[in-house]
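The values are calculated or read from the model by the stated rules, or taken from the named source; none is laboratory data. If you're wondering where the values come from, they're calculated on a predicted model, not measured in any experiment. Cβ sites come from the backbone with ideal geometry, for glycine too, and all protein chains shown count toward neighbours. Side chains are part of the model used for accessible areas, which takes the heavy atoms of the whole protein and leaves out ligands, DNA and RNA. Shrake-Rupley method; radii C 1.70, N 1.55, O 1.52, S 1.80 Å.
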Amino acid sequence: MEVKYLDLPSQFNTDEVLHEIKSILESCQFVMGPQLEEFEKKFAEACGVKYALGIDNGTNALFIALKILGIGTNDEVITAPNSFLATAGAIVQAGAFPRFVDISDDYNIDPGKIEEAINEKTKAIMPVHLTGNPAKMDEINTIAKKHGLYVIEDSAQAIGASDELGNKAGSLGDMGAFSLHPLKNINTCGDGGVLTTNSEEYYKQALLMRNHGLKNRNEAQFFAYNFRLDSIKAAVAGIRLKQIEKITDQRNKNSEQYDRGLANLEQVIIPERPKDVRQAFHTYVIQVERRDALISYLENRGIETKIHYPMPIHLMEASKEFGYKKGDFPITEEQSEKIITLPINQTLTEEQIEYVIDSISSFYS
Ligand SMILES: *Cc1c(COP(=O)(O)O)cnc(C)c1O
């Protein structure tokens, strides 16, 4: 049996996608076509926010959020060191210092460690809903309010997730940033992203910021960027978005099957599943003993796995100038050597997942 990590062709090579792309090729409204606004409306609905704005990728959605809030040189933004590097990358590109805070067993930033990282330069907290599991936003928002900080959610992995009260990722802070990269749960045919907010002021700033600062056809209010999302990508993401409940349900169901099947293995640590939270599993990450040997063993049995992420951001060469060192974030560092990501994509069958579970069991026995 073969268990692939991904199955993209079945998602994109469909009559509906081809038809939509063809109609845009006919109209040639490639930039800021009506498909963009239509997609934004649907995305805002899906996240329960007033405004959603298509951006050319998720990294720039994070970046633009920081710029809208005026965050840059001499400022600090608190975030987690175990994310995809783009979270810290956006902070650095805005000119600010990425102030890392260690994580908890749920792979998300530990709210109990945030306050000690706040200083007079701190302007914002950028929690990441890693794996599709919402960070502890209640506690984070309370701390932010107490210290007058902004909150930007890195929701790139969490489209469709919601907290205990049913509030959706992307609606839980001042702004939320999503990615439509082909690897993400709701994706498009290339790079893409979305910025969400309930603030009319931020929305209006974002509209200017993504389009050269143009307030009308010929005149800019300030110099800015070209971060527009192409019509074709917006249209394709819109088609994918229609299936959000189905995709999320299936990925969550796959995760539950793993949770049950692996629960009795003492070599496997499964994170606690928070009650009443709707996770939107983007990745299925567990911690295991003898991780690298397990990966090879599974590979030999036709099972593709990944590691998200093998190197904490603070230990990358790119972080050298920030003065972090090994030992600064022990939980992140320990997890980085034990985590493995099993395939959970929505096209997998129950039999395939059972085969992965059986293979892991047989490795440890
Ligand atoms: C994918 C991802 C991003 C970046 O999104 P792009 O669209 O690839 O720029 C940022 N943060 C996290 C947590 C991600 O998973």
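Observations on the model:
- M311, M126, M32, ranked by accessible area, largest first (probe 1.4 Å): M311, M32, M126
- Where Rh is the Kirkwood radius over Cα pairs, Rg/Rh for region 214-330: 1.11
- Unit Cα scatterers, Debye sum, region 109-186: log10 I(q)/I(0) for q = 0.12, 0.26 Å⁻¹: -0.32, -1.22
- The value for the chain of Rg(Cα) / (2.2 N^0.38 Å) is 0.99.
- Look at where the Cα atoms of region 222-249 and of region 49-125 average out, and the two centres are 22 Å apart.
- Measuring between alpha carbons in the structure, the pairs from K306/K338; K42/K184; K67/K326; K113/K136; K67/K246; K123/K326 lying more than 23 angstrom apart are K67/K326; K67/K246; K123/K326.
- For region 133-177 versus region 272-312, the gap between their alpha-carbon centres in whole angstrom: 24
- The K325 and E26 beta-carbon pair, evaluated with R₀ = 51 Å, returns a calculated FRET efficiency of approximately 0.35.
- Heavy-atom accessible area per residue - the chain, 1.4 Å, Å²: 45
- Net charge in the neighbourhood of T14 (other residues with Cβ under 13 Å of its Cβ; Lys, Arg +1, Asp, Glu -1) is -1.
- Sequence-distant residues sharing a close amide H with T79 (under 5 Å, placed H): R99, F100, V101, M126
- Sum of -39500 (n - 2.57) over DSSP H runs of 4+, divided by residues of the chain (222 nm, nearest 500): -11000 deg cm²/dmol
- Protein accessible area in the chain, 1.4 Å probe - carbon and sulfur %: 49
- Equivalent ellipsoid, region 111-255 (semi-axes from 5 times Cα gyration tensor eigenvalues, Å): 26, 25, 11
- Residue list for region 24-39, given a label point 7 angstrom along the Cα-to-Cβ vector of H212 and an amide N cut-off under 18 Å: 29-33
- Exposed GluC sites (Glu not before Pro) absent: longest stretch of the chain, with sites in DSSP loops and at most 12 other Cβ within 10 Å deemed exposed: 3-119
- If the segment from L8 to E201 were pulled out straight at 0.36 nm per residue, it would be longer than the present Cα-Cα gap by 65.7 nm.
- Placing a label point 7 Å from the Cα of N300 along the Cα-to-Cβ direction, the residues of region 341-365 with a backbone N closer than 11 Å are 363.
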